[in-house]
1. Picking from 58, 106, 54, which residue would you name as being crowded, with 21+ Cβ neighbours inside 10 Å and either more than 30 Å from residue 277 (Cα to Cα) or in contact with a helix residue (DSSP H, G or I) (Cβ under 7 Å, 6 or more places away or on another chain) (or both)?
2. From 298, 265, which residue is in contact (Cβ under 8 Å) with a residue 60 or more places away in the chain, under 19 Å from residue 326 (Cα atoms) and surrounded by 18 or more Cβ atoms within 10 Å (Cβ to Cβ)?
3. Would you check if there is a residue in region 114-126 being within 16 Å of ligand 2 (Cβ to nearest atom) and either under 26 Å from residue 252 (Cβ atoms) or surrounded by fewer than 21 Cβ atoms within 10 Å (Cβ to Cβ) (or both)?
4. The conditions are (1) surrounded by 22 or more Cβ atoms within 10 Å (Cβ to Cβ); (2) under 25 Å from residue 96 (Cβ atoms); (3) more than 13 Å from ligand 1 (Cβ to nearest atom); (4) in contact (Cβ under 8 Å) with a residue 24 or more places away in the chain, and residue 204 fails exactly one of them. Which is it?
5. Could you check residue 158 against (1) more than 14 Å from ligand 2 (Cβ to nearest atom); (2) surrounded by 23 or more Cβ atoms within 10 Å (Cβ to Cβ) and say which number it fails?
6. Enumerate the helices (runs of 4 or more DSSP H) found wholly within region 318-391, keeping only those where 3 or more residues are in contact with a strand residue (DSSP E or B) (Cβ under 9 Å, 6 or more places away or on another chain).
7. For residue 117, which of the numbered conditions (1) more than 10 Å from ligand 1 (Cβ to nearest atom); (2) touching a helix residue (DSSP H, G or I) at 6+ places or on another chain (Cβ under 6 Å); (3) modelled with pLDDT of 95 or more fails to hold?
8. Can you say whether residue 365 is farther than 26 Å from residue 309 by Cβ and within 22 Å of the chain's Cα centre (by Cα), as far as the supplied structure shows?
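The values are calculated or read from the model by the stated rules, or taken from the named source; none is laboratory data. Quick caveat: nothing in here was measured; it's all calculated off a predicted structure. For neighbour counting, all protein chains shown are included, and Cβ atoms are generated from backbone atoms with ideal geometry for every residue, glycine included.
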Ligand code: NZQ
Ligand code: ZN
């Protein structure tokens, strides 16, 4: 196991009806906040009204900015920054899924920063100030942004989707009330479960030795995600299953499972290129890429893949490691299919003649040395092959 330092500032409030306490939880913490949300799901569900009532009752003054799109964009972030400066906002409340939370974090990061916010993502500028605090009410369990220190934003002008991480971007407060997920369409549940699972894959498939504790915690979390998502596929109104899925989604990405081990993030780097160029949902892109990536890398560390196949995918243990691993990967593909997730580039709407070389270059460019880490290190040529094997 490697050395590590872990800091997590989020007050995490979980349970039915807890979102109604948002006013009390924020009272005294802000002079004026920005209420940030997406394209309208919170208005249709009645959540917007409940939040506005709770803030008003608590005497919290606020301004609002809706309209965050899935794969959130830098232009709206810039608009949010200008609004916060004009209005003297000192706190951001994000009510939505990963996209709304990431957009809120981007605004929080930039209000006190004098330069251009996008240049923080491209690493042309560095942050000298402290981000504003962010609170979240989660409406879609998937990205794990409610407890992660990251934000991922797209710039349509340059077709780039980039992440930025900062310890102070872990929300100060996150509220997870499982009944808020009952309005989600089935494909969002599937994208979310796929994303959570991949957040664990990026940490679990490592060459680091002596990681039994986080291996076991990861395996339990992966099994829970798969079980609960399968239940929700048939019973979308099962609030108890949503509760377990959502808690697993937070655990999958608050980095408890990644402590003391080398991490990969290669599938995420590859997927962000697909989302940047073709605007596909993050979880859908991952469903296509992950099995092809596993096919390409498992031989570099058959032991960890066989352990996963047996402990998570329920394959019978055997000395025939290749058969065990291949059966595990086949079961993963079947599980994605059972959730209605896409399996090929074509199903994602990405043409055969897409510029996979440029996407491979883009993915590699965000990693040190231009190489994608993991059980096997990928260069531009091998990354391009992974894309092509998804055709
Ligand atoms: O915009 P509204 O109208 O709210 O609709 C949203 C959106 O269309 C809808 N939705 C959300 N809650 C709902 C609902 N519809 C009905 N009922 C509800 N309760 O769902 C759609 C998708 O929402 P979005 O926020 O885009 O999805 P998700 O939570 O999967 O977030 C995806 C984004 O997170 C990034 C992804 O790259 C992607 O941009 N990620 C962020 C990470 C982080 N910050 O740590 C890590 C992840 O790996 C990921 O990259
Ligand atoms: Zn993800």
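1. It is 106.
2. The match here is 298.
3. no
4. Failing condition for residue 204: (2).
5. Result: residue 158 fails condition (2) only.
6. Output list reads 356-365, 380-388.
7. It fails just one condition, (3).
8. Judged against the criteria, residue 365 is a match.
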